[in-house]
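Chemist: The structure follows.
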Amino acid sequence: MINQLFNLKGRTALVTGSSRGIGRAIAMLLGEAGAQVRFHASKPSARLDDTLAEAKSKGIDCDSVAADLSTPEGVETIVQTVKETDILILNASVQAYQTLTEFDPEEFAREFNTNVRSSFVLVKAFLPGMAKRGFGRIISIGSVNQWKQSPRLCIYASTKSAQVNMIMNCARSYAKFGITANNIAPGVIATDRNKAALDDPAMAETIMKQIPAARFGTAEDCAGLALLLCSDAGSYITGADIPVAGGMQL
């Protein structure tokens, strides 16, 4: 019964930004559950090659696509390469430390194009096929910044709030077609993106004091929830915005 509930055999999954970190952990777990996985990175790299090789060594049916989501051409490359998917994980994003008074229009465009515009285009491209097949799973990877905005991430936090708003709209409009749409909002996850900050003892201590669970999260903490939401076990969960933050959002 448990194996059946979490079995993704016969399903296809596209996980953006999956050569490392949270995206990688999610893609690997979906593959181990039986999904055919499309890994993605912004450009060809040894890291993407190594990730794909490891997935194949685990018996995962997979391939990859490299495209820059900050550009319309890059998003179109993904659409034309993938063509259709049952599961869409919107994980890829960019961020830069920038306060309100440091606001830079070019950085604003970069983050909104990558984090928000690409999400709209990918959802628009793959929704019709999901609706026709009567099955779809869309998950965006948000941020604890939706609730507790870091003064140094004002643009990034805004993009994540915009993305989750889109997900709620999708959930409400497409539930009748067998499509669920949810948001996972990680807190401080020990990935290479956060390595510089967490390697600073003073900074790490300051951040830790904000986390009731008294530990930093792992990419796998997010992957387990993603599997639930993608599986039959999570078929009645839609329009949810779920923090994986050790209570940091409180």
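Chemist: Students often get this wrong, so check it: of K58/K195; K43/K83; K160/K195; K132/K176; K43/K195, which have C-alpha atoms separated by over 23 Å?
Modeler: Table pairs above 23 Å Cα-Cα are K58/K195.
Chemist: Same structure again: Filter the chymotrypsin sites (Phe, Trp or Tyr not before Pro) in region 49-158 to those in DSSP coil with at most 15 other Cβ atoms within 10 Å of their Cβ, and list the result.
Modeler: Working: sites: Y97, F103, F108, F112, F120, F126, F135, W147, Y156; in loops: Y97, F103, F135, W147.
Here the chymotrypsin sites (Phe, Trp or Tyr not before Pro) that fit, given the DSSP loop and packing criteria, are Y97, F103.
Chemist: Compute and list, largest first, the equivalent-ellipsoid semi-axes of region 186-250 from the alpha carbon gyration tensor, each √(5λ) rounded to a whole angstrom.
Modeler: 27, 13, 8
Chemist: How much FRET efficiency would the formula 1/(1 + (r/R0)^6) give for M203 and D104, where r is the Cβ-Cβ distance and R0 is 25 Å, rounded to 0.05?
Modeler: For M203 and D104, the calculated efficiency is 0.60.
Chemist: Shape verdict for region 1-94, please, from the Cα gyration tensor: rounded (a/c under 1.5), prolate (a/b greater than b/c) or oblate.
Modeler: prolate
Chemist: Determine the calculated [θ] at 222 nm for the chain from helices alone, applying -39500 (n - 2.57) to every DSSP H run no shorter than 4 residues and normalising by the residue count; nearest 500 deg cm²/dmol. Kindly include the intermediate steps, with their values, before the conclusion.
Modeler: Details: 10 runs with 108 residues, N = 250.
Computed ellipticity for the chain at 222 nm equals -13000 deg cm²/dmol.
Chemist: Size of the dipole of region 116-200 about the Cα centre, Lys and Arg at +1 and Asp and Glu at -1 on the beta carbon, nothing else charged, in debye to 20?
Modeler: 460
Chemist: Let me ask you something else. Given the whole protein assembly as supplied and a 1.4 Å probe, what does the accessible area of C62 come to in Å², nearest 10?
Modeler: 20
Chemist: Projected area of region 49-134, taken from the Cα convex hull and averaged over every viewing direction, in nm²?
Modeler: 7.4
Chemist: Separate question: Quick check: from the Cα gyration tensor, does region 94-250 come out rounded (a/c under 1.5), prolate or oblate?
Modeler: Taking the square roots of the gyration eigenvalues as a ≥ b ≥ c, region 94-250 is oblate.
Chemist: While we're here: Between A175 and V79, how high is the FRET efficiency from 1/(1 + (r/R0)^6) when r is the Cβ-Cβ distance and R₀ = 35 Å? Nearest 0.05.
Modeler: FRET efficiency, A175 to V79: 0.90.
Chemist: Using Cα centres only, tell me the gap between region 33-107 and region 176-250 in whole Å.
Modeler: First find each Cα centre; the distance between them is then 19 Å.
Chemist: Can you tell me which of M203, M166, M28 moves the most in a GNM of the chain? Springs connect C-alpha atoms under 10 Å apart.
Modeler: Looking only at M203, M166, M28, the largest GNM fluctuation is found for M203.
Chemist: Against the longest alpha carbon principal axis of the chain, how many degrees, from 0 to 90 and to the nearest 10, is the axis of helix 46-57 turned?
Modeler: It works out to around 40 degrees.
Chemist: Suppose R0 equals 25 Å; then what is the FRET efficiency for A190 and I237 from their Cβ-Cβ distance, rounded to the nearest 0.05?
Modeler: Efficiency, rounded to the nearest 0.05: 0.40.
Chemist: A further question follows. Mind pulling the angle between the C-alpha long axis of helix 21-32 and the longest principal axis of the chain? Nearest 10 degrees, somewhere in 0 to 90.
Modeler: Once rounded, one gets 20 degrees.
The values are calculated or read from the model by the stated rules, or taken from the named source; none is laboratory data. Predicted model, so just to flag it, every value in this text is computed and none were measured. Cβ coordinates were reconstructed from backbone atoms using ideal geometry, including for glycine residues, and neighbour counts include every protein chain displayed. Remember, those area values only see protein heavy atoms, side chains included, never the ligands or the DNA or RNA. Shrake-Rupley method; radii C 1.70, N 1.55, O 1.52, S 1.80 Å.
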